[in-house]
Amino acid sequence: MMKIGRDLATENLVKGQSVYGERLVRKRGKEFRVWEAKRSKVGAALQKGMKIPFKDDAKILYLGVASGTTASHISDLTPKGMIFGVDPAPRVLRDFLLLSETRSNLVPIFADANRPEKYRHIVPDVDMIIQDVAQPNQSQILMKNVNMYLKKGGLAFVAIKSRSIDVTANPNKIFSEFKHAVKGLELIQEKRLEPFEKDHMALLLKK
Amino acid sequence: MVKLAKTSFGFFAIAMQNQLVDAHELPRDAKKAAQALAGDDFDKWVSGLAKKGYDVEDGLFDPMKAVELIGVKEKEYLRFSRLVEIELAKILIKAAIGRDYLIIQTVDGLDDLNKSINIMINRLREWYGLHFPELKEEDHEKYLKRIIADKRGESMGIELSGGDKDAVQRMAKMILEMYKARAGLEFYLEKLMEEIAPNLTALAGANLGARLIGRAGSLKKLSEMPGSTIQVLGAERALFKHLRKGTPPPKHGVIFQHPEINRAQRAIRGRLARSLAAKLALASRTDKYAGKLNKDLIASWKRRLKEVKQ
Ligand SMILES: C[S@@+](CC[C@H](N)C(=O)[O-])C[C@H]1O[C@@H](n2cnc3c(N)ncnc32)[C@H](O)[C@@H]1O
């Protein structure tokens with residue numbers, strides 16, 4: 001990962017491929033993909049100074065992978081690893097499936113993260129869980145998956161959109177309730193995602 | 001007690017000290033393995049185990065650790081399992097996309113077509129107006145036909161050469177084709193709706209019924225919604241504003257297009273919208289799970305309509 005101007009960028013694992021219209025930049029004989037912080041909550045958290053260690057051989061369970069905008073950058077960062085991307089929406093998972101066919105460290109899983117046992121036939125214990133599901137019960141979803149899949153010492157990154165949990169409540173209240181609901185995990189870092197996302201918070205947690 | 005593992009390499013029963021006591025291996029072919037995982041092979045194997053007298057523990061064993069017992073290393077596990085999961089996802093996505101997705105594309109396509117027709121008609125009226133500004137014809141299709149016939153008397157408009165005329169007439173013909181395409185799509189939408197959602201169609205008409213499916217995302221999602229949600233589908237902005245700022249709640253979303261709702265007097269409109277939405281919720285469930293027209297449902301809406309109007 002490196003900085004190109006004000007943006008972050010990852011070294012492209014698939015030469016010449018732009019996944020979501022992001023710019024490709026050549027530097028020192030290598031090709032980089034600009035990581036648009038407005039399109040990716042992990043990208044926004046990194047821009048806001050969160051330190052997320054991505055081991056190049058990490059096994060990662062990604063809940064709410066959608067079409068793989070963010071997962072594609074993590075794929076660049078973990079060339080020897082494997083990213084298991086879960087989403088129950090057929091339209092976006094179809095795009096992620098097509099992307100997975102071009103990148104040998106991506107796995108498309110058509111399932112609902114509320115039912116983690118549905119993918120125990122493929123997902124082994126993992127080093128990291130990333131969750132971006134924008135659902136009212138997302139702390140519950142997280143804990144179920146943490147209990148079933150996350151290794152001891154493993155990390156969980158969550159993006160919380162306060163409006164998806166309750167449109168009427170104060171975001172700060174939602175965030176502190178969320179932290180309380182996952183207090184079995186150690187809170188390592190937290191960042192608000194403004195100006196990239198409104199009323200969003202990212203947490204990095206450790207099991 | 002044995003623990004079970006379900007993997008892309010096969011199904012395994014594992015006893016204490018990681019001893020493999022039963023195995024049902026799958027073909028090392030991604031497509032075939034995916035088909036086995038999509039079907040009920042695993043459940044059958046599990047009931048077989050019960051017959052053999054094994055006591056099965058809840059939950060599943062880490063699949064990658066399970067296949068180590070048959071000598072499959074991590075790298076091979078990840079390589080092959082990924083290929084299997086890609087095939088499995090293809091099977092599952094295909095099964096999840098029903099014919100109701102055609103309905104959504106068709107109404108959205110009709111909207112796009114209408115917008116395009118409007119843009120182009122306006123352009124053509126300006127264009128042909130250079131030549132024949134006196135032509136008063138409100139009806140768009142008739143106006144287009146007049147362009148093709150191109151008969152004008154005394155006019156202050158400019159003259160058009162043969163080539164000038166070709167250009168504007170070609171455009172007019174194309175828009176007339178778009179009108180034909182629109183009529184064709186409308187007919188197709190009616191048929192599709194009668195086939196897939198006969199109850200919604202009977203209550204709301206093909207167009208509005210299709211829009212409700214589109215707003216919900218699928219017939220399945222619509223069938224899972226309570227009437228109160230269906231009532232405000234399409235009025236999400238007003239609803240959020242109500243929740244956040246305390247403005248009055250919306251009384252109706254797209255169901256306002258229903259003739260009985262938009263013709264109703266203001267005083268009873270909210271009540272009618274609520275009853276219609278409740279019937280539509282039932283209708284979508286009937287369409288999703290029975291698929292046949294339920295005459296009682298339609299009759300009960302008619303009765304309700306009378307009551308409220310009195
Ligand atoms: C904000 S989008 C994720 C964007 C994506 N993480 C990225 O940055 O590229 C949220 C996604 O969560 C998915 N989602 C919603 N409920 C879910 C659930 N129960 N399990 C898994 N995914 C879910 C939605 O289908 C949607 O694709």
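The values are calculated or read from the model by the stated rules, or taken from the named source; none is laboratory data. Just so it is clear, the model here is predicted, and its values are computed rather than measured. Please note: Cβ atoms are built from the backbone with ideal geometry, for glycine as well, and neighbour counts cover all protein chains shown.
Odds and ends about this structure:
- Scope the stretch A:124-146; condition within 10 Å of the ligand (Cβ to nearest atom), under 27 Å from residue A:19 (Cβ atoms) and either at pLDDT 95 or above or not small (Gly, Ala, Ser) (or both); matching residues: A:130, A:131, A:132, A:133, A:135, A:138, A:141, A:145
- Taking first residues from the stretch B:31-51 that are free of Cβ contacts under 8 Å to residues at least 40 places away in the same chain and partners that are assigned to a helix (DSSP H, G or I) and of a type in the set (A, V, I, L, M), the Cβ contacts under 9 Å between residues at least 6 apart in sequence or on separate chains come to B:42/B:36.
- Residues that are within 13 Å of residue A:60 (Cα to Cα), outside any helix (DSSP H, G or I), away from the ligand (no atom under 11 Å from the Cβ) and modelled with pLDDT of 95 or more occur at least once in the stretch A:112-123.
- Qualifying strands (runs of 3 or more DSSP E) (wholly inside the stretch A:1-68; at least 2 residues being away from the ligand (no atom under 16 Å from the Cβ)): A:2-4, A:7-11, A:24-27, A:30-35
- The stretch B:40-57, residues that are within 37 Å of the chain's Cα centre (by Cα) and either within 13 Å of another protein chain (Cβ to nearest Cβ) or in a helix (DSSP H, G or I) (or both): B:41, B:42, B:43, B:44, B:45, B:46
- Options A:157, A:110: the member that is among the aromatic types (Phe, Trp, Tyr), within 14 Å of another protein chain (Cβ to nearest Cβ) and either crowded, with 22+ Cβ neighbours inside 10 Å or over 24 Å from residue A:190 (Cα atoms) (or both): A:110
- Search result, residues across the stretch A:88-97 that are at the interface with another protein chain (Cβ under 10 Å from one of its Cβ atoms) and either farther than 13 Å from residue A:62 by Cβ or aromatic (Phe, Trp, Tyr) (or both): A:88, A:89, A:90, A:91, A:94, A:96, A:97
- Residues within the stretch A:70-89 that are crowded, with 20+ Cβ neighbours inside 10 Å and within 14 Å of the ligand (Cβ to nearest atom), tallied: 12
- Search result, residues across the stretch A:126-184 that are under 23 Å from residue A:89 (Cβ atoms), assigned to a helix (DSSP H, G or I) and among the small types (Gly, Ala, Ser): A:139, A:162, A:164
- Pair list, Cβ < 6 Å and 6+ apart or interchain, from the stretch A:115-144 residues that are within 24 Å of residue A:174 (Cβ to Cβ) and touching a residue at least 60 places away in the same chain (Cβ under 8 Å) to residues that are within 10 Å of the ligand (Cβ to nearest atom) and part of a loop (DSSP other than H, G, I, E, B): A:132/A:64; A:133/A:64; A:141/A:113; A:141/A:114
- Hits in the stretch B:58-71 (condition: within 14 Å of chain A (Cβ to nearest Cβ) and of a type in the set (Gly, Ala, Ser)): B:59, B:66
- Given (1) assigned to a loop (DSSP other than H, G, I, E, B); (2) modelled with pLDDT of 95 or more, number of the condition residue A:85 does not satisfy: (1)
- Residue A:100 vs. criteria at the interface with another protein chain (Cβ under 10 Å from one of its Cβ atoms), surrounded by fewer than 20 Cβ atoms within 10 Å (Cβ to Cβ) and more than 10 Å from the ligand (Cβ to nearest atom): no
- Matching residues in the stretch B:72-93 - criterion: being charged (D, E, K, R), more than 9 Å from chain A (Cβ to nearest Cβ) and assigned to a helix (DSSP H, G or I): B:75, B:76, B:87
- Residues in the stretch B:49-70 that are of a type outside the set (Val, Ile, Thr) and either modelled with pLDDT of 95 or more or surrounded by 13 or more Cβ atoms within 10 Å (Cβ to Cβ) (or both): B:49, B:54, B:57, B:60, B:61, B:62, B:63, B:64, B:65, B:66, B:68, B:69.
- Within the stretch A:157-189, considering residues that are without any contact (Cβ under 8 Å) to a residue 24 or more places away in the chain and small (Gly, Ala, Ser), the one farthest from the ligand (Cβ to nearest atom): A:176
- None of B:244, B:269 is surrounded by fewer than 17 Cβ atoms within 10 Å (Cβ to Cβ) and part of a helix (DSSP H, G or I) except B:244.
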